Amino acid sequence: MAKALKLSRRSAPRRSSPMASAATPSRSNTVSVAHRSSSTTVALLVSSFFAGFLLLGLLFYAAPINGLWSSVSASIYTIEVVNEFPHDPQAFTQGLLYAGNDTLYESTGLNGHSSVRRVHMPTGKVEDIHRMDHSQFGEGLTLLNERLFQVTWLTNIGYIYDQHNLSKFEKFTHEMKDGWGLATDGKTIFGSDGSSTLYQLDPKTLKVQEKVNVKYNGYEVHNINELEFVNGEVWANVWQSDCIARISHKDGLVTGWILLHSLRQGLISSGNKGIDVLNGIAWDEEKNRHYVTGKWWPKLYEIKLHPSVSCSPLPRTEVTAKRLGLKNSASNRANHESFEVKWSLARYGIMVTSMKLPSMDLF
């Protein structure tokens, strides 16, 4: 979920790459040729020594010494775009679901612009819409037994709509700290509140039945956002990233990461400068089709996943946790910042071994 405009949660400024900030010292133009040759030789020796030291460091940290490494790794997937569909570029997408017969339901956010709508997917045409009060900020949406459940941002208030008549709705309250994402497996409603917590709610009482912390490599993964239940897993947009986490709802462990940075990059390259972050996952269970979009995106994408790389976790250090936006109670250990910038995906602590790193500022 994100809150743009006056709401900082939805439009945080993009951080520049840590690698881009390093400056190379200039050399004097008056140095003699001999001195430059000598300096070059020394530099090569120093570089060789440093490379050897770094290699030893990599080997050291690759060993499971003192529990610094987790034995758990996650699969990484890239995506192939199978189809593209029109999407309302004014829709600040907060919740998305597929309801069969080429029909989507979507919840949009922003005060004064929030809504629940039924959309004809092939054309992007809005067939029915309920416009929410200006004071409300729409968030996650899910469908269970012909009822649409929606939560709102910064409140514990939600709404239940008649799937066939969006003007009919009732209010409910929930026990989550905030309302971000919703999904269902047909029996339980899963919810998120922007933290690392994944909730399981009773669909009749909306009381919390169970909750788990979403974790990768021992660290809590925060900013869990829009949700979808897919083939026994909970898939979650992670706010301010171009990734989807595949989560085991039984224990909260991240079993895989889906990298979608190419979608937003492609939209921006084609002139869509005003778009916001990736947000919105829908699953066609019958045909096993996956759809994604984003806030103010002019397109909805049908995607196919491809296993991409093998990976192993980063050292479990406090510095790593801070750089990845994760939280861990372990005390400070050695500073591995330069190591992690070169060898990991910027946010999630994934060691990439068979793929070129995406641009750091995409994460």
With a point put 7 Å past each Cα toward its Cβ, work out how far HIS120 is from GLU285 in nm, to one decimal.
2.6
How many percent of the alpha carbon pairs in segment 210-256 exceed a separation of 13 Å?
50
Would you please put 284-296, 209-221 in order of how densely packed they are, using the mean number of other Cβ atoms within 10 angstrom per residue and starting with the highest?
209-221, 284-296
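Pull out the extension gain between ARG147 and LYS250, defined as 0.36 nm times the separation in residues minus the alpha carbon to alpha carbon distance; nm, one decimal.
Numbers: separation 103, 0.36 × 103 = 37.08 nm, distance 2.51 nm.
Value of the extension gain: 34.6 nm.
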Checked segment 147-275 with the C-alpha gyration tensor, a ≥ b ≥ c its square-rooted eigenvalues, rounded below a/c of 1.5, otherwise prolate if a/b is larger than b/c and oblate if not; verdict oblate
Efficiency of FRET from Cβ geometry, GLU80 and THR103, R₀ 25 Å, rounded to 0.05
0.55
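Mind ordering 258-269, 107-118 by average Cβ neighbours within 10 Å, highest first?
My ranking of the peptides, most packed first, is 107-118, 258-269.
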Among THR255, THR152, rank each residue by its count of other Cβ atoms within 10 Å, from fewest to most, as a rough exposure measure.
THR255, THR152
In whole Hz and in residue order, list the ³J(HN,Hα) couplings for segment 163-179 that follow from phi through the Karplus curve 6.51 cos²θ - 1.76 cosθ + 1.60, θ = phi - 60°; x for Gly and Pro.
4, 9, 8, 5, 6, 9, 7, 9, 9, 9, 10, 10, 9, 6, 6, 7, x
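Holding the Cα-Cα limit at 26 Å, pick out from LYS125/LYS187; LYS171/LYS207; LYS125/LYS273; LYS168/LYS250 the pairs that are longer than that. The partial results should precede the final answer.
Values: LYS125/LYS187 30 Å; LYS171/LYS207 14 Å; LYS125/LYS273 23 Å; LYS168/LYS250 34 Å.
Those over the limit are LYS125/LYS187; LYS168/LYS250.
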Give me the percent relative contact order of segment 161-265, please, defined on Cα pairs under 8 angstrom at least 6 residues apart.
18
What is the P(r) of segment 75-309, as percent of Cα-Cα pairs per 5 Å bin from 0?
1, 7, 16, 21, 21, 18, 11, 5, 1, 0
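So if we plug the beta-carbon distance of VAL208 and LYS171 into 1/(1 + (r/R0)^6) with R0 = 25 Å, what FRET efficiency do we get, rounded to 0.05?
On the way: r = 18 Å, r/R0 = 0.73.
E(calc), rounded to 0.05, equals 0.85.
Report the relative contact order of segment 60-203, percent, no decimals, based on alpha-carbon pairs under 8 angstrom and at least 6 residues apart. The partial results should precede the final answer.
Values: 312 pairs, mean separation 19.9, N = 144.
After rounding, I find 14 percent.
Taken together, the values in this text are just the output of simple stated rules run on the coordinates, not laboratory data. Note that the structure is a prediction, hence the values are computed from the model and not measured. As a convention, Cβ positions derive from the backbone with ideal geometry for all residues, glycine included, and neighbour counts pool all protein chains shown.
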